[in-house]
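Take a look at the structure below.
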Amino acid sequence: MWGGRFAEGPGAIMREINASIPFDKALWRQDIAASKAHVAMLGACGIVSAEDAVAIAEGLDRVAAEYEKDGVPEDWDLEDIHMTTESRLAELIGPVAGRLHTARSRNDQVATDFRLWVREALARADAGLEALQRALVTRAGEHADAIMPGFTHLQTAQPVTLGHHLMAYYEMVRRDRARFCAAAERLDECPLGSAALAGTGFSIDRKMTAQALGFREPTRNSLDAVSDRDFALDYLQAASQCAIHLSRLAEEMIIWASQPFGFVRMPDSLSTGSSIMPQKKNPDAAELVRGHAGRIIGCTTALMVTMKGLPLAYSKDMQDDKPPVFEAAGLLDLCIAAMTGMVADATFRTDRMREAAELGYATATDLADWLVTAADVPFREAHHITGAAVKLAEERGCALDALPLADLQDIDARIDERVFEALSVEASVAARASYGGTAPQQVKARVAEARRELGMD
Ligand code: ARG
């Protein structure tokens, strides 16, 4: 393609290090779409004849049909998807193919193709996350009253409801979707026509190509347009944050599925067995979501480091932008699908959750709060009195509300029989009715609101 200036072709190592076709062939649909938009514009602006524009567009359709049928050929000499397509076009339609590359460069071409690809990845993530939200609100609605221990430091803290716990993830996913949407909003500018870096002397119509490719507007600075990979980093950063959330949910499912917890039975469809231990049902899908989060973060780091020292405009380092994005997107799509299936089909063992909430002195704070409200004890003192009650219950191996009143009164005479109404786990969750709290009434209100947000009701 640049033979005019060179006495000999590239050496074997140059060819190998330079070739991006092994991975950027994934951009073929975007590359054909962008070329068709470009040539239609060249025709409309009289830069190529109407006849040549039609011949080129038809030729591009033929190349696309071949790729569809037989895949994209991988010839390292042709370096990348752009040259591969142009070279096949020339074989099919002859020298007129050479007019396609008027008023553009591979630099604006690849920036455009890659944006189109990332735009689809953003839309896929958003749609996948919407399905996950639906699964979360459905299960939360089923279990708005189911009591389980809430934890801090993974130690029993206060009773919460399973519905509240699942809705916590709904909120995280809601923010993740907002991040993907914000990325799509910023991405919505078309680099095509920025040419190599400085724009072009041909009187092109950039609004026309931007519109044809579904972008809001053309980019406003040609140097920025060919150098910018923020759109890919926006995607990766949003993907990383989302993967962190999915990984935390996966981690909880793994803990909950362990025998000592026994809070959840994983769906068979997302579990595996052991080749030696017949009793085993392993949460491999959840573990891989936790593992893949690490890889997605790694991809993000890789592209941030690639970009951080690059002068304007294009440098070949930027060819390394695609593998991490492709890898992360494949992993993220799978992680979202796996967690959606897990949430939708897991069996929550609410009997075990309730039992655990009863056993962990989860209502100790309620005893302290009761002393403050009913007996006007300062909170710090109430905390101390309650500590003594927990110690006694621990010695007896019983729950707080199983301690006889006389023993509680030995600890502090201000305690009376009304305290037992506050010590049940039901009373504890029902009391936490502040906005956003775990009281079933609050959880049901939030579930109803979320269902409306999702158009489920
Ligand atoms: N394969 C290249 C990439 O993916 C296309 C752009 C090449 N541009 C250039 N000036 N060599 O980045």
Positions within the range 192-214 being in contact with a strand residue (DSSP E or B) (Cβ under 8 Å, 6 or more places away or on another chain) and in contact (Cβ under 8 Å) with a residue 12 or more places away in the chain, in sequence order:
L192, G193, R206, T209, A210, L213
Can you say whether K25 is more than 16 Å from the ligand (Cβ to nearest atom) and modelled with pLDDT of 95 or more, as far as the supplied structure shows?
no
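Kindly indicate which of R99, R104 is in contact with a Ser or Thr (Cβ under 8 Å, 6 or more places away or on another chain) and among the basic types (K, R).
R104
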Count of the range 154-191 residues which are farther than 27 Å from A238 by Cα and either of a type in the set (G, A, S) or open to solvent by 40 Å² or more (accessible area, probe 1.4 Å) (or both):
5
Lone unmet requirement of (1) open to solvent by 30 Å² or more (accessible area, probe 1.4 Å); (2) over 24 Å from D345 (Cα atoms); (3) assigned to a loop (DSSP other than H, G, I, E, B) for S194
(1)
For residues that are open to solvent by 10 Å² or more (accessible area, probe 1.4 Å) and in a helix (DSSP H, G or I), tally how many sit in the range 99-114.
4
Out of all the residues in the range 395-408, is one or more part of a helix (DSSP H, G or I), open to solvent by 30 Å² or more (accessible area, probe 1.4 Å) and closer than 17 Å to A140 by Cα?
no
Test for S275: is it open to solvent by 80 Å² or more (accessible area, probe 1.4 Å) and either more than 22 Å from V226 (Cα to Cα) or not assigned by the TED database to the domain that holds K25 (or both)
yes
Per the filter on the range 215-227, residues surrounded by 15 or more Cβ atoms within 10 Å (Cβ to Cβ) and touching a strand residue (DSSP E or B) at 6+ places or on another chain (Cβ under 9 Å) are F215, P218, T219, A225
Could you say whether any residue in the range 162-184 is in a strand (DSSP E or B) and assigned by the TED database to the domain that holds A250?
no
Out of the residues in the range 54-73 that are β-branched (V, I, T) and buried (at least 22 other Cβ atoms within 10 Å of the Cβ), which is farthest from the ligand (Cβ to nearest atom)?
I56
Single residue of the range 74-125 satisfying the filter (of a type in the set (K, R) and within 15 Å of the ligand (Cβ to nearest atom)) that is farthest from the chain's Cα centre (by Cα):
R104
Within the set of pairs 6 or more residues apart or between chains, which connect a residue that is under 14 Å from Q109 (Cβ atoms) and modelled with pLDDT of 95 or more inside the range 68-94 to a residue that is small (G, A, S) and in a helix (DSSP H, G or I) with Cβ atoms less than 8 Å apart?
T85/S35; E86/A97; L89/G59; L89/A97
Quick check on A344: is it surrounded by 15 or more Cβ atoms within 10 Å (Cβ to Cβ), more than 16 Å from the ligand (Cβ to nearest atom) and either at negative phi or of a type outside the set (A, V, I, L, M, F, W, C) (or both)?
yes
Matching residues, the range 362-394, being surrounded by 20 or more Cβ atoms within 10 Å (Cβ to Cβ), under 44 Å from the mean Cα position of the chain (by Cα) and not β-branched (V, I, T)
A362, A364, D366, L367, A368, W370
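Based on this model, can you work out whether D176 counts as among the charged types (D, E, K, R), on the phi < 0 side of the Ramachandran plot, out of contact with any Asp or Glu (no Cβ under 6 Å at 6 or more places or on another chain) and touching a residue at least 24 places away in the same chain (Cβ under 8 Å)?
When the stated conditions are applied, D176 passes them.
Listed residues D333, D366; which is among the charged types (D, E, K, R), away from the ligand (no atom under 16 Å from the Cβ) and within 30 Å of W28 (Cβ to Cβ)? Show your work before the answer.
Working: D366 fails: within 30 Å of W28 (Cβ to Cβ).
Sole residue among the options that is among the charged types (D, E, K, R), away from the ligand (no atom under 16 Å from the Cβ) and within 30 Å of W28 (Cβ to Cβ): D333.
Of all residues in the range 389-438, how many are among the hydrophobic types (A, V, I, L, M, F, W, C) and in contact (Cβ under 8 Å) with a residue 24 or more places away in the chain?
Residues that pass the stated criteria total 14.
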Which residue is modelled with the lowest pLDDT, if the candidates are limited to the range 359-393 and must be assigned to a loop (DSSP other than H, G, I, E, B) and more than 17 Å from R432 (Cα to Cα)?
G360
Every pair of residues 6+ apart whose Cβ atoms lie under 8 Å, when the first sits in the range 2-29 and is touching a residue at least 24 places away in the same chain (Cβ under 8 Å) while the second is of a type in the set (A, V, I, L, M, F, W, C) and assigned to a loop (DSSP other than H, G, I, E, B)
I21/V72; K25/V72; W28/V72
Residue identified as more than 16 Å from the ligand (Cβ to nearest atom) and touching a Leu at 6+ places or on another chain (Cβ under 6 Å) among A140, A135, A44:
A140
Could you run through the range 297-322 and say how many residues are farther than 25 Å from A243 by Cβ and away from the ligand (no atom under 16 Å from the Cβ)?
1
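The values are calculated or read from the model by the stated rules, or taken from the named source; none is laboratory data. Just so it is clear, the model here is predicted, and its values are computed rather than measured. For neighbour counting, all protein chains shown are included, and Cβ atoms are generated from backbone atoms with ideal geometry for every residue, glycine included. Accessible surface is based on the protein model in full, side chains and every heavy atom, while ligands, DNA and RNA are left aside. Shrake-Rupley method; radii C 1.70, N 1.55, O 1.52, S 1.80 Å.
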